[in-house]
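Enquirer: Pasting a structure below so you can have a look.
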Amino acid sequence: MGFERKLAALSSLRPDIAILCEVACPERLRSQLPVLEGMPIVWVGNKANKGLAVVSFTGSRIELDSSYRSNNQFVAPVHVSGAKSFRLLATWDHNDRTEGLNRRPGPLLRCLVDSADFCSRGDLVVAGDFNNNPRWDKPNGPNNMSVLAQELARRQLVSLYHRGTGEAFGSELRGTYWHYRRSAMPYHIDYLFVPMTWLTDLVSFELGDYDAWCANGLSDHAPLSAEFRDTETYLTPPSRV
């Protein structure tokens with residue numbers, strides 16, 4: 001929300017591909033920010049002022065896969081074609097409990113099935129706001145974060161934060177989201193999963209901090225960003241930025 005006052009902060013990350021949650025549709029974005037004119041944008045949502053966007057800042061082609069289903073809400077299978085081509089499952093996993101998600105898998109887990117062919121390739125990246133952490137898992141819950149983490153690990157995907165810190169899911173020492181923007185209420189709910197085969201080309205991974213992104217009113221989330229050798233590809237899901 002309010003993306004026009006946050007673009008400078010996002011641009012400072014030098015993104016190639018950015019995943020943005022709770023952002024307006026392309027027409028509204030471009031009317032507010034002419035600099036976005038000509039930049040490829042894939043957007044999904046049912047309200048013009050709040051959806052999920054994937055933005056290509058450096059010319060990579062992006063295209064929504066035909067397997068996308070609107071009942072999976074804000075989980076978008078996107079083809080990225082450029083210096084580094086890959087398949088991106090951009091995620092704002094809107095885990096609304098009124099949908100009965102304590103009784104059935106959530107949108108991200110459903111998308112892994114509904115877009116099975118898209119997700120079966122070895123170049124899959126899954127990134128964004130999962131709105132989930134094992135601390136909230138229910139006994140045998142079908143939407144548990146531990147279930148999702150195991151499913152992604154089965155696909156040979158690794159969370160860059162957990163790979164770098166050695167921390168277990170649910171035991172993270174750093175948050176990515178601060179409830180009511182309060183520094184004393186951190187939660188780790190944003191993730192960046194990449195293929196294990198990419199790790200040899202990983203140059204850096206960064207998680208923004210509270211002071212830089214939340215204390216100044218930019219967002220209640222901090223961005224995760226990664227750079228890979230040769231392609232200078234950045235994957236940045238600064239939710240609500």
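Bear in mind that the values in this text are calculations on the coordinates, not laboratory data. Just so we're clear, the structure is a prediction, and the values are computed from it rather than from any experiment. No Cβ is skipped: glycine too gets one built from the backbone with ideal geometry, and neighbour counts run over all protein chains shown.
Enquirer: Cut-off under 25 Å on the C-alpha distance; same-chain residues fewer than 8 positions from LYS50 excluded. Which lysines are left, in chain and number order?
Expert: Within the straight-line cut-off, LYS50 pairs with LYS6.
Enquirer: Please give the length that would be gained between GLU63 and ASN49 if that part of the chain were fully extended, namely 0.36 nm times their separation in residues minus their C-alpha to C-alpha distance (nm, one decimal).
Expert: Net length gain for the segment: 2.9 nm.
Enquirer: To the nearest Å, what is the center-to-center distance of region 31-83 and region 1-23, using C-alpha atoms only?
Expert: Region 31-83 and region 1-23 have Cα centres separated by 13 Å.
Enquirer: Where does each of 142-155, 81-94, 197-210 land if you order them by average Cβ count within 10 Å, highest first?
Expert: So the peptides 142-155, 81-94, 197-210, ranked by packing, come out 81-94, 142-155, 197-210.
Enquirer: So what is the 222 nm mean residue ellipticity for the chain from helices alone, if each DSSP H run of at least 4 adds -39500 (n - 2.57) and you divide by all residues, rounding to the nearest 500 deg cm²/dmol?
Expert: Result for the chain, helices only: -4500 deg cm²/dmol.
Enquirer: Sort the following peptides by mean Cβ neighbour count (other Cβ atoms within 10 Å, averaged over residues), highest first: 19-25, 172-178.
Expert: Ranking, from highest mean packing down: 19-25, 172-178.
Enquirer: Considering the Cα trace of region 3-236, what is its radius of gyration and what is Dmax, both in angstroms?
Expert: Cα-based Rg and Dmax for region 3-236 come out at 16.7, 49 Å.
Enquirer: Once you have the Cα-Cα distance between MET196 and SER85, take 0.36 nm times their residue separation minus that, and quote the gain in nm to one decimal.
Expert: The MET196-SER85 span can extend by a further 38.4 nm.
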